[in-house]
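K.L.:
Got a structure for you, questions after.
Coordinate-derived values only; no laboratory data. None of these values were measured; they are calculated from a predicted model. We place every Cβ from the backbone using ideal geometry, glycine too, and count neighbours over all the protein chains shown.
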């Protein structure tokens, strides 16, 4: 991971005043807090100056609370010791929510949307509108089934809309 920093886990602020900010977990321990001396500064009055720390292990990233007043929460559970982070985990510090994206084993995108598995929200989705196919011979110009030339790969057929003008 050291030779490929882009494969290090990424923490993305998904909720709170700093939404959209992302930071990679770097080598060594990184303190997360509201103090300007923290390695990862989060502007949230509900965070302690030195709230939590995150670091890389041989298996990925780890997280620990540093005795913060409001606690560090991992997937809606308050942590007391060291916790290993996994792709898709949600960390809550004060009123700030961070999502873990681990590109080496990603099951989610950097914002935390899952690629597979059941949907987490139950809101109904609307189907995308699909245009009805045009009647044969109306609005389309016939194109040969395959266009080819020596040394050129075959091109699949394409429907081209016809331009119809009224007689003048």
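K.L.:
Given axes a ≥ b ≥ c from the Cα gyration tensor, I'd like to know whether the range 5-101 is rounded (a/c under 1.5), prolate (a/b larger than b/c) or oblate.
P.N.:
Working: a/c = 1.34, a/b = 1.25, b/c = 1.07.
Judged from the Cα gyration tensor, the range 5-101 comes out rounded (a/c under 1.5).
K.L.:
Pulled fully out, how much extra length does the chain show between residue 7 and residue 57, if you take 0.36 nm times their separation in residues and subtract their Cα-Cα distance?
P.N.:
On the way: separation 50, 0.36 × 50 = 18.00 nm, distance 1.34 nm.
Stretched out fully, the residue 7 to residue 57 stretch lengthens by 16.7 nm.
K.L.:
Gain in length, residue 21 to residue 69, computed as 0.36 nm per residue apart minus the alpha-carbon separation, to one decimal in nm?
P.N.:
Working: separation 48, 0.36 × 48 = 17.28 nm, distance 2.37 nm.
Here the answer is 14.9 nm.
K.L.:
Counting other beta carbons within 10 Å of each residue's own, what order do 11, 21, 74 fall into, fewest first? Intermediate values should be presented prior to the final figure.
P.N.:
Details: 11 24, 21 16, 74 20.
Ranked by crowding around the Cβ, least crowded first: 21, 74, 11.
K.L.:
Taking neighbour counts of Cβ atoms within 10 Å as a proxy for exposure, in what order, fewest first, do 57, 72 appear?
P.N.:
On the way: 57 10, 72 24.
Ranked by crowding around the Cβ, least crowded first: 57, 72.
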